[in-house]
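Q: The structure that follows is given in the form of structure tokens.
The values are calculated or read from the model by the stated rules, or taken from the named source; none is laboratory data. Predicted model, so just to flag it, every value in this text is computed and none were measured. Cβ: placed from backbone, ideal geometry, glycine included. Neighbour counts: every protein chain shown. Quick note on the areas: whole protein, heavy atoms, side chains included, nothing else; ligands and nucleic acids left out. Shrake-Rupley method; radii C 1.70, N 1.55, O 1.52, S 1.80 Å.
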Amino acid sequence: MLMTGAQYIESLRKLNTRVYMFGEKIENWVDHPIIRPSINCVAMTYDLAQDPQYADLMTTKSSLTGKTINRFAHLHQSTDDLKKKVKMQRLCGQKTASCFQRCVGMDAFNAVFSTTYEIDQKYGTEYHKNFIEYLKYIQEKDLIVDGAMTDPKGNRGASPAGQKDADLFLRIVERREDGIVVRGAKTHQTGSINSHEHLIMPTIAMTEADKDYAVSFACPSDAEGLYMIYGRQSCDTRKLEEGADIDLGNKEYGGQEALVVFDNVFIPKDRIFLCGEYDFAGMMVERFAGYHRQSYGGCKVGVGDVVIGAAALAADYNGAQKASHIKDKLIEMTHLNETLYCCGIACSSEGYPTAAGNYQIDLLLANVCKQNITRFPYEIVRLAEDIAGGLMVTMPSEKDFKSETVVGKNGETIGDICNKYFAGSPEYTTEERMRILRFLENICLGSAAVGYRTESMHGAGSPQAQRIMISRQGNINAKKELAKTIAGIK
Ligand code: SF4
Ligand code: FE
């Protein structure tokens, strides 16, 4: 059954998720002003699925049960599915201007589904069967799952087993008849607090020495021994200001990252999808990373659409919309944004079926996609700041604009003075101008910058991770042969 956004929010209240922020336990985290925008953002993925005009993008038929499900819980069955995934993400980005968090689960489903099939083929294990039963449960209940990969990693020069503190990569600490006990953490987990479940994967390719670290499993977000420490964002405490609205830039939506700690958590046997088969850790990582690098060719493009729109509005409000350099900057922003979209669509169009039957993206093109994402949003934001003007970061607070304190000799209030001196084009109100500048501030260097800027750099893997994949997939030797043939070199 598909949930509505409101039902999703209510379903979170039933969980006993342990959340800490600013050094304290947060009891009612669902209504916490800093957390709530990130929950609203996930709720959008439910509400859009209820809207008939988006049914083709947001919902589909389950390959496991034949029932209608949210596309975020789907196993991609064709290149058309892969393209629709990207289009769905662009749509969600356009509606929220934020990270809507649900893709990490979708990307994990598809990576774990195909990898477990191949592990079972080699080792005669039952991970694939376990995973299918698990995914049926997720699809049926329409749940949010945090697909969690990134370990703390400690000393980057040492392997998981080579760390001074053995907990710096998540590992198996006990093997029992009925399951395993795991210990460690996953860092900067997108949407972890807003998820009903966690689906854990290893973070790097491993060797035999790392056997205990080669583990994949699922557990509820409120499992015994599991807790989360909220990651703060710039300007986050503005959300705590009474009556805050304009100064937030994006009042309704936001992203979320947290440190997720597994303090000896028991995982029953039927929720285990990898347990010591270290030679498959790399495959799971590569596939998940590939899908998530494709994802950015959708979500960041959708947010980019909103940034471009906001920059164009800022130009209108400044009265500068007719200047040729402004028009040219908007064209450049559009060109960059659509180039990213091309990459998302291209790696999807060139997808292929895995042995398990679901579709995988073209890995080289997905890595090129994400590599561009580590650059173009920065240029788009640079141009947006250029168009917006310095007022974006020097403007007084919304309380000043609304203040009735008299400051002028003729009885003018602080509000009167702010509205007078920060007016732009006479066709628009000063408040409209403020709102769009605060929105741009939020996305360029406020709390939304986590999702649009720094996440574009490091989310789904830092630039160097893509360059390694590009060097592996780029086939330089074949290119040398091409040149030799034409140049007449034997
Ligand atoms: Fe989805 Fe993009 Fe957020 Fe990743 S960064 S979870 S792809 S919205
Ligand atoms: Fe991300």
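Q: Let me know the shape class of the stretch 5-280, please: from the alpha-carbon gyration tensor, a ≥ b ≥ c as square roots of the eigenvalues, rounded when a/c is under 1.5, otherwise prolate if a/b is greater than b/c, or oblate.
A: oblate
Q: Loop-only trypsin sites (Lys or Arg not before Pro) in the stretch 78-170, please: DSSP not H, G, I, E or B, and at most 15 other Cβ atoms within 10 Å. Numbers along the way, then the final one.
A: Details: sites: LYS83, LYS84, LYS85, LYS87, ARG90, LYS95, ARG102, LYS122, LYS129, LYS136, LYS141, LYS153, ARG156, LYS164; in loops: ARG102, LYS153, ARG156, LYS164.
The qualifying sites are LYS153, ARG156, LYS164.
Q: Run the numbers on the stretch 286-487 and let me know its relative contact order in percent, using alpha-carbon pairs under 8 Å that are six or more apart. Walk me through the intermediate numbers first.
A: Working: 233 pairs, mean separation 56.0, N = 202.
Rounded, it is 28 percent for the stretch 286-487.
Q: Calculate, in nm to one decimal, what LYS490 and LYS269 gain on full extension: separation in residues at 0.36 nm each, minus their alpha carbon distance.
A: Values: separation 221, 0.36 × 221 = 79.56 nm, distance 5.85 nm.
Full-extension gain reported as 73.7 nm.
Q: Along the charge dipole of the chain, pointing to its positive end and built from +1/-1 on Cβ of Lys, Arg, Asp and Glu, which listed residue (TYR20, GLY415, LEU2) has its Cα farthest out?
A: LEU2
Q: Among the lysines, which fall within straight-line cross-link reach of LYS136, defined as a Cα-Cα distance under 18 Å, with same-chain neighbours fewer than 8 residues apart omitted?
A: Straight-line reach from LYS136, under 18 Å: LYS61, LYS67, LYS269.
Q: What order do TYR54, TYR117 take when sorted by accessible area (1.4 Å probe), most exposed first? All intermediate terms of the calculation are to be shown ahead of the outcome.
A: Working: TYR54 40, TYR117 70 Å².
Per-residue accessible area, sorted high to low, gives TYR117, TYR54.
Q: Within the accessible area of the chain, what % is carbon and sulfur when the probe is 1.4 Å and the other protein chains stay in place?
A: Summing carbon and sulfur atoms, their accessible area is 52 percent of the total for the chain.
Q: Mind putting a number on the dipole of the stretch 5-280 about its Cα centre? Charges go on the C-beta only, +1 for Lys and Arg and -1 for Asp and Glu, and I need it in Debye to the nearest 20. It would help to have the intermediate numbers written out before the result.
A: Details: 34 positive and 40 negative charges, 100 e Å.
Computed charge dipole of the stretch 5-280: roughly 480 debye.
Q: Efficiency by 1/(1 + (r/R0)^6): what FRET value for ALA166 and SER425, r their Cβ-Cβ distance, R0 = 60 Å, to the nearest 0.05?
A: Values: r = 62 Å, r/R0 = 1.03.
It comes to 0.45.
Q: Could you tell me how many degrees, from 0 to 90 and to the nearest 10, lie between the Cα long axis of helix 324-349 and the main elongation axis, the longest principal axis, of the Cα atoms of the chain?
A: Between the helix axis and the principal axis of the chain, the angle is about 20 degrees.
Q: Hey, another quick one. Just to verify a number: what accessible area does THR68 come out at with the full protein assembly present, 1.4 Å probe, Å² rounded to tens?
A: Approximately 80 Å² for this residue.
Q: Same structure, new question: Could you give the distance between the Cα centres of the stretch 344-370 and the stretch 430-464, to the whole Å?
A: Using only Cα atoms to place each centre, the spacing works out to 28 Å.
Q: How many Å² of accessible area per residue for the stretch 5-280, probe 1.4 Å?
A: On the way: 10710 Å² over 276 residues.
Ligands and nucleic acids excluded, the figure is 39 Å² per residue.
Q: Considering only protein heavy atoms, what per residue accessible area in square angstrom results for the stretch 286-487 with a 1.4 angstrom probe? Please list the in-between numbers first.
A: Details: 9220 Å² over 202 residues.
I get 46 Å² per residue for this part.
Q: Just how much of MET392 is accessible, in Å², when a 1.4 Å probe is used and the result is rounded to the nearest 10?
A: 10 Å²
Q: I've got another one for you. Let's see if you can work this out: charge +1 on each Lys and Arg Cβ, -1 on each Asp and Glu Cβ, no other charges. What is the dipole magnitude of the chain about its Cα centre, in debye to the nearest 20?
A: It comes to approximately 1280 debye.
Q: Continuing with this model, one more query. To test your reading of the geometry: what angle, between 0 and 90 degrees and rounded to tens, separates the Cα axis of helix 127-141 from the longest principal axis of the chain?
A: 40 degrees
Q: Work out from phi, with θ = phi - 60° and the Karplus expression 6.51 cos²θ - 1.76 cosθ + 1.60, the ³J(HN,Hα) of each residue of the stretch 47-62, listed in order in whole Hz, and give x for Gly and Pro.
A: Computed from phi, the couplings for the stretch 47-62 are 5, 5, 6, 8, 8, x, 5, 10, 4, 5, 8, 8, 10, 6, 8, 5 Hz.
Q: Let me know the charge dipole size of the stretch 146-284 about its Cα centre in debye, to the nearest 20, where only the beta-carbon of Lys, Arg (+1) and Asp, Glu (-1) is charged.
A: 380 debye
Q: Between beta-carbons, use under 15 Å as the cut-off and find the net charge around THR115, counting Lys and Arg +1, Asp and Glu -1. Provide the component values of the computation, followed by the final result.
A: Details: positive: LYS122, LYS129, ARG287; negative: ASP107, GLU118, ASP120, GLU126, GLU277, ASP279, GLU286.
Once all neighbours under 15 Å are counted, the net charge is -4.
Q: Another question about this same structure. Just need the relative contact order of the stretch 273-384 here, percent rounded to a whole number, with Cα pairs under 8 Å and 6+ apart. Can you show the working numbers first?
A: Numbers: 108 pairs, mean separation 42.0, N = 112.
For the stretch 273-384, the relative contact order is 38 percent.
Q: For ILE35, ILE132, give me the order by solvent-accessible area with a 1.4 Å probe, most accessible first, ignoring ligands, DNA and RNA. Please list the in-between numbers first.
A: On the way: ILE35 0, ILE132 40 Å².
Solvent-accessible surface, decreasing: ILE132, ILE35.
Q: Residue separation times 0.36 nm, minus the C-alpha to C-alpha distance between ASN475 and ARG382: what's the value? Walk me through the numbers before you get to the answer.
A: On the way: separation 93, 0.36 × 93 = 33.48 nm, distance 3.43 nm.
Gain on extension, ASN475 to ARG382, equals 30.0 nm.
Q: Pairs of Cα atoms under 8 Å, at least six residues apart: use those to get the relative contact order of the chain, whole percent. Display every interim value, and only then the final one.
A: On the way: 938 pairs, mean separation 88.2, N = 490.
Rounded, it is 18 percent for the chain.
Q: Kindly identify the stretch 242-308 as rounded, prolate or oblate by the Cα gyration tensor criterion: order the square roots of the eigenvalues as a ≥ b ≥ c, call it rounded if a/c is under 1.5, otherwise compare a/b with b/c, prolate if a/b is larger, else oblate. Don't jump to the answer; show the numbers that get you there.
A: On the way: a/c = 4.46, a/b = 1.71, b/c = 2.61.
Oblate, since a/c reaches 1.5 and b/c is not below a/b.
Q: Suppose accessible area is computed on protein heavy atoms with a 1.4 Å probe; arrange GLU412, GLU431, GLU441 from highest to lowest. Provide the component values of the computation, followed by the final result.
A: Working: GLU412 55, GLU431 80, GLU441 15 Å².
Ranked from most to least accessible, the order is GLU431, GLU412, GLU441.
Q: Using Cβ-Cβ distances only, list the Cys residues of the chain with no partner cysteine under 4.7 Å, sorted by number.
A: Lone cysteines by the Cβ rule: CYS41, CYS92, CYS99, CYS103, CYS219, CYS235, CYS275, CYS299, CYS342, CYS347, CYS418, CYS444.
Q: Tell me what the chain gives for mean residue ellipticity at 222 nm when only DSSP H runs of n ≥ 4 count, each as -39,500 (n - 2.57), the sum divided by the residue total, rounded to 500 deg cm²/dmol.
A: Numbers: 17 runs with 230 residues, N = 490.
Theoretical 222 nm ellipticity from helices: -15000 deg cm²/dmol.
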